[in-house]
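Colleague: Here it is: the structure, laid out below.
The values are calculated or read from the model by the stated rules, or taken from the named source; none is laboratory data. Computed from a predicted structure; not experimentally measured. Every residue, glycine as well, gets a Cβ built from its backbone with ideal geometry; the counts of neighbours run over all protein chains shown.
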Amino acid sequence: MEIKRIKSVFNIWRLLLPFLYIFILVHFLKDITQDILKISTPLDIFGDVKEDISFLPKSFQLIFYYGLGSFSFIVEVFLLVAIPKIIRKRQASFLEKLVIGGILYLLVFLAICILLDPRYKL
């Protein structure tokens with residue numbers, strides 16, 4: 001019974017991967033056009049969080065933008081390379097654990113950015 005449950009979770013994970021890939025690809029393209037090239041595109045409708053970290057010391061602001069923000073960009077590139085490799089394989093691997101970790105990092109980073117956006121104050 002336990003093996004069936006594990007296989008069903010594995011199958012659901014496999015079904016979600018292509019959708020996650022498309023979402024990450026669109027977000028990656030949005031990051032490039034909006035944050036790096038500083039141009040408006042239709043991709044801007046996929047979220048434009050304007051976090052306010054002015055209350056932080058300047059060094060923490062730099063760490064947030066250039067450290068955590070750059071790392072999220074690197075994680076997105078990694079996921080865009082790793083997810084197709086995982087989709088082609090038929091068994092779980094260490095790469096999948098890294099992908100799950102990358103997705104969790106992006107979700108936590110997104111949650112922090114949303115909480116820092118004055119438009120979404122609770």
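Results for (1) of a type outside the set (Lys, Arg); (2) surrounded by 14 or more Cβ atoms within 10 Å (Cβ to Cβ); (3) closer than 21 Å to residue 97 by Cβ; (4) in contact with a strand residue (DSSP E or B) (Cβ under 7 Å, 6 or more places away or on another chain), shown as yes or no for each residue.
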site: 3; (1), (2), (3), (4): yes, no, yes, no
site: 15; (1), (2), (3), (4): yes, no, yes, no
site: 18; (1), (2), (3), (4): yes, no, yes, no
site: 21; (1), (2), (3), (4): yes, yes, yes, no
site: 27; (1), (2), (3), (4): yes, yes, no, no
site: 34; (1), (2), (3), (4): yes, yes, no, no
site: 40; (1), (2), (3), (4): yes, no, no, no
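Colleague: Could you give me the residue pairs with C-beta distances under 8 Å whose first residue belongs to the range 75-87 and is at pLDDT 95 or above, whose second residue is among the acidic types (Asp, Glu) wherever it lies, and which are 6+ apart or on separate chains?
Modeller: Between residues of the range 75-87 that are at pLDDT 95 or above and residues that are among the acidic types (Asp, Glu), the close pairs are 76/31.
Colleague: Quick one: which residue in 115, 110, 104 is in a helix (DSSP H, G or I), exposed (fewer than 12 other Cβ atoms within 10 Å of the Cβ) and at pLDDT 85 or above?
Modeller: Numbers: 115 fails: exposed (fewer than 12 other Cβ atoms within 10 Å of the Cβ); 110 fails: exposed (fewer than 12 other Cβ atoms within 10 Å of the Cβ).
On inspection, the qualifying residue turns out to be 104.
Colleague: Here's something else I'd like to know. Inspect the range 45-63 for any residue being modelled with pLDDT under 90, of a type in the set (Phe, Trp, Tyr) and in contact with a helix residue (DSSP H, G or I) (Cβ under 6 Å, 6 or more places away or on another chain) and give the result as yes or no.
Modeller: Yes, that holds for at least one residue.
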